[in-house]
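J.: Below are the C-alpha cells for one structure; questions will follow.
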Amino acid sequence: MNIFWQLIRAYIKIGLFGFGGGYAMLSLVENEVVGPGWISEQMFTDIVAVSQMTPGPIGINSATYIGFVAPGSVDPAYATIWWGLLGSCLATLAVVLPSFFLVLYSSHFIRRHHESGVIKGIFSGLRPVVVGLIASAAILLMNAPNFNPNGITWQLVTNIIICVAAFCLVYFPMPWNHKKLHPIIVIVIAGLAGYLIYGL
Amino acid sequence: MDSTENISAVRPPEKHPCLRLFLSFLKIGAFTFGGGWAMISIIEREIVDKHHWIEREDFLDLLAIAQSLPGILAVNIATSVGDRIRGFKGCVSAALGTIIPSFVIILLIAIFLTPDTIKHNHVISSIFMGIRPAVVALIVAPVITSARSAKIGWKTCWIPVGVATLISLKLGFLSNPVLYIVLGAVGGYLHFLYSRRKLCK
C-alpha cells in the first residue's frame, strides 16, 4: 500500500480513537508511527519536545511533522519538499476531519433538541464534571517538567512565583483600567520573564 | 429560552463574521501552548468577554461536547464554538484558524531545521521555562470562572472536587475523563427524572 494511504489511515485512526486530547493521545500516535518504522523512537521524542516548544495542539504538530518526514523515510523518491508537503496536508486533514464531523453532527443534534428537558438535564449534570475536568488538567500540569525541569530549588521557587503572578494578572482586574489582562499578553510577559531569568 | 432566537442573538453583527471568527481563532491557535485546556482562558476572553458571541454558560456546554468526543481537543472546541456562532461556515473558519499557525510553524521547522536544533536552543528553551508555569495559571483561572457560571455551591462542589482528585491520582480506569462525562450525563438525566416526578406529585 502507498505510504500516503497508510498515513491517512493511521491518522484517521488517531483522530477517531484518541480520547482526552494532547498527551493522552501520545501513546496511540507512537504506536501508529513508530511501529511501521516511519520515524525512529528518538525522532518521536524530539517531535514531542518541539511540540511543547511551539504553539498549537500536539496532535496537529505531530501529524504535520510526521506527514512531512514519513514519505521520504519510507521511499527516497518521496524525499522532496513537495511530497513532504502533500504528506503533511493529508495527515493533518486525516487527524482533524473525523472529529470535525462528529462535533458538527452532535452539536446540531443537541441544538435541535435544545428545548427538551432530557438534554437540559444531561447538561446540568455535565457542567460540574467539566469544571472538574479543567481542574484536573491544571493539577496534572503542576508537575516537575513544568515547574522544576532541572531539579534546582531556586528555579522551582521562581516558577511558582511566575505561576502565581500570571494567575493574578489574568484573574484580577488591573488597578489602572479595571480590566483583566489578556491571556496572550500574560503569555508574552511570562516568556520575556523566562528569557530574562534563565536565558541571559 | 427559544433556541432559534437564542442562536440569532449570539450571531456577530460585524460585516465579515466568518473572517472575524477566523482571525480570532488564528490568534488563539498561535498562542495555545500546552494543549486544548490552555486555550480555554484565551477563548473565554476573546469569544465571551470581548466579542460577546456566546454566553459563559453555553461555552461550558460546548466544552462538554468537545471533551466527550474523540480527536484533538483544541480543534473540537474550535469546531463547536464556530458552529454555535455561525453554523457550518463558522466551524470551518474556527477550525482552520486553530490549525494553520501550528501547521505552518511545524512545516517551517521540518523544512529548514531539525527538531534537535530547536530542542537544544538555549533562548527558546529559557523562554519556555517561563511560559510553562504561566500556562498552568491560565488553566486555573477558568476553573474559577466556570465554577461560577455553572452555579456550583456547597451542595454541588463535591462533583468537580471528586472528579479532579480521581483523575489526577492516575488510577487507570478510574482516572479516565470519559467515565466522568458518562456519569455526569447519566446523573443529570436521573436528576431530571427525579425532579419531574416530584413536580407531578
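J.: Does the range A:103-137 hold any residues that are in a loop (DSSP other than H, G, I, E, B) and either buried (at least 16 other Cβ atoms within 10 Å of the Cβ) or more than 7 Å from chain B (Cβ to nearest Cβ) (or both), and which are they?
T.: Here is the first cut: in the range A:103-137, the residues in a loop (DSSP other than H, G, I, E, B) are A:113-116.
A:HIS113, A:HIS114, A:SER116 - these are the residues of the range A:103-137 that are in a loop (DSSP other than H, G, I, E, B) and either buried (at least 16 other Cβ atoms within 10 Å of the Cβ) or more than 7 Å from chain B (Cβ to nearest Cβ) (or both).
J.: For residues that are within 7 Å of chain A (Cβ to nearest Cβ), hydroxyl-bearing (Ser, Thr, Tyr) and assigned to a helix (DSSP H, G or I), tally how many sit in the range B:156-167.
T.: Within the range B:156-167, residues that are within 7 Å of chain A (Cβ to nearest Cβ), hydroxyl-bearing (Ser, Thr, Tyr) and assigned to a helix (DSSP H, G or I) number 0.
J.: Here's another thing I want to ask about it. Does B:ILE54 fit the bill of being in contact (Cβ under 8 Å) with a residue 40 or more places away in the chain and closer than 28 Å to A:TYR171 by Cβ? Steps first, please.
T.: Values: in contact (Cβ under 8 Å) with a residue 40 or more places away in the chain: yes; closer than 28 Å to A:TYR171 by Cβ: yes.
Against the criterion (in contact (Cβ under 8 Å) with a residue 40 or more places away in the chain and closer than 28 Å to A:TYR171 by Cβ), B:ILE54 qualifies.
J.: Moving on to the next point. Only one of (1) more than 7 Å from chain A (Cβ to nearest Cβ); (2) more than 20 Å from B:PHE59 (Cα to Cα); (3) among the β-branched types (Val, Ile, Thr) fails for B:ILE127. Which number is that?
T.: Unmet for B:ILE127, out of (1) more than 7 Å from chain A (Cβ to nearest Cβ); (2) more than 20 Å from B:PHE59 (Cα to Cα); (3) among the β-branched types (Val, Ile, Thr): (1).
J.: Within the range B:139-155, is even one residue surrounded by 13 or more Cβ atoms within 10 Å (Cβ to Cβ), at the interface with chain A (Cβ under 7 Å from one of its Cβ atoms) and of a type in the set (S, T, N, Q)?
T.: There is at least one residue in the range B:139-155 that is surrounded by 13 or more Cβ atoms within 10 Å (Cβ to Cβ), at the interface with chain A (Cβ under 7 Å from one of its Cβ atoms) and of a type in the set (S, T, N, Q).
J.: While we're here: State which residue is nearest to the other protein chains (Cβ to nearest Cβ) when the search covers only the range B:168-201 and only residues that are of a type outside the set (D, E, K, R) and not in a helix (DSSP H, G or I).
T.: Our first condition is that a residue be of a type outside the set (D, E, K, R); within the range B:168-201, this holds for B:168-169, B:171-195, B:199-200.
Pick out the ones that are also not in a helix (DSSP H, G or I) and you get B:169, B:171, B:176.
Details: B:LEU169: 9, B:LEU171: 12, B:ASN176: 8 Å.
Here the answer is B:ASN176.
J.: So, one more: Taking the range A:5-29, which residues are at pLDDT 80 or above and not hydroxyl-bearing (Ser, Thr, Tyr)?
T.: Initial filter on the range A:5-29 (at pLDDT 80 or above): A:5-16, A:29.
A:TRP5, A:GLN6, A:LEU7, A:ILE8, A:ARG9, A:ALA10, A:ILE12, A:LYS13, A:ILE14, A:GLY15, A:LEU16, A:VAL29 - these are the residues of the range A:5-29 that are at pLDDT 80 or above and not hydroxyl-bearing (Ser, Thr, Tyr).
J.: For the range B:95-153, name all the residues that are of a type in the set (D, E, K, R) and farther than 30 Å from B:VAL163 by Cβ. Give the steps one after another, and end with the answer.
T.: The initial filter retains those residues of the range B:95-153 that are of a type in the set (D, E, K, R), namely B:116, B:119, B:132, B:148, B:151.
Once the filter is applied, which keeps residues that are of a type in the set (D, E, K, R) and farther than 30 Å from B:VAL163 by Cβ, the range B:95-153 yields B:ASP116, B:LYS119.
J.: When only residues in the range B:30-51 that are in contact (Cβ under 8 Å) with a residue 40 or more places away in the chain and over 12 Å from the mean Cα position of the chain (by Cα) count, which is surrounded by the most Cβ atoms within 10 Å (Cβ to Cβ)?
T.: Out of the qualifying residues, it is B:GLY34.
J.: Separate question: Just a yes or no: is a residue in the range A:32-44 surrounded by fewer than 17 Cβ atoms within 10 Å (Cβ to Cβ), assigned to a helix (DSSP H, G or I) and at negative phi? Full working, then the answer.
T.: Initial filter on the range A:32-44 (surrounded by fewer than 17 Cβ atoms within 10 Å (Cβ to Cβ)): A:35-37, A:40-42.
Cutting the leftovers down to assigned to a helix (DSSP H, G or I) gives us A:41-42.
Filter again for at negative phi, leaving A:41-42.
Yes - at least one qualifying residue is present in the range A:32-44.
J.: Could you tell me which numbered condition B:LYS201 fails, if it satisfies all but one of (1) more than 19 Å from the chain's Cα centre (by Cα); (2) assigned by TED's automatic domain parsing to the domain that holds B:GLU55?
T.: All conditions are met except number (2).
J.: Let me ask something else. Among the candidates A:PRO36, A:PRO57, A:PRO98, which residue alone is in contact with a helix residue (DSSP H, G or I) (Cβ under 9 Å, 6 or more places away or on another chain), outside the structural domain of A:ILE187 (by TED's automatic domain parsing) and modelled with pLDDT of 85 or more? Working first, answer last.
T.: On the way: A:PRO36 fails: modelled with pLDDT of 85 or more; A:PRO57 fails: modelled with pLDDT of 85 or more.
Step by step, each of A:PRO36, A:PRO57, A:PRO98 is checked, and only A:PRO98 is in contact with a helix residue (DSSP H, G or I) (Cβ under 9 Å, 6 or more places away or on another chain), outside the structural domain of A:ILE187 (by TED's automatic domain parsing) and modelled with pLDDT of 85 or more.
J.: Also: Name, by its number, the condition in (1) surrounded by 13 or more Cβ atoms within 10 Å (Cβ to Cβ); (2) assigned to a helix (DSSP H, G or I); (3) at pLDDT 85 or above that does not hold for A:LEU140.
T.: Condition not satisfied by A:LEU140: (3).
J.: Identify, from the list A:ALA165, A:ALA91, A:ALA79, the residue that is at pLDDT 90 or above, more than 26 Å from B:ILE167 (Cα to Cα) and surrounded by fewer than 18 Cβ atoms within 10 Å (Cβ to Cβ).
T.: Details: A:ALA91 fails: surrounded by fewer than 18 Cβ atoms within 10 Å (Cβ to Cβ); A:ALA79 fails: at pLDDT 90 or above.
Checking each option against the conditions leaves just A:ALA165.
J.: Which residue is surrounded by the fewest Cβ atoms within 10 Å (Cβ to Cβ), if the candidates are limited to the range B:88-113 and must be at the interface with another protein chain (Cβ under 9 Å from one of its Cβ atoms) and small (Gly, Ala, Ser)?
T.: Top of the filtered list is B:ALA110.
Here is a yes/no grid of residues against (1) modelled with pLDDT of 90 or more; (2) touching a Ser or Thr at 6+ places or on another chain (Cβ under 9 Å); (3) among the hydrophobic types (A, V, I, L, M, F, W, C):
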| residue | (1), (2), (3) |
| --- | --- |
| B:LEU96 | yes, no, yes |
| B:PRO101 | yes, yes, no |
| B:ILE111 | no, no, yes |
| B:THR114 | no, no, no |
| B:HIS120 | no, no, no |
| B:ARG132 | no, no, no |
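The values are calculated or read from the model by the stated rules, or taken from the named source; none is laboratory data. What you are looking at is a predicted structure, and each value in this text was computed from that prediction instead of being measured. So basically every Cβ, Gly included, is an ideal-geometry build from the backbone, and we count neighbours across all protein chains shown.
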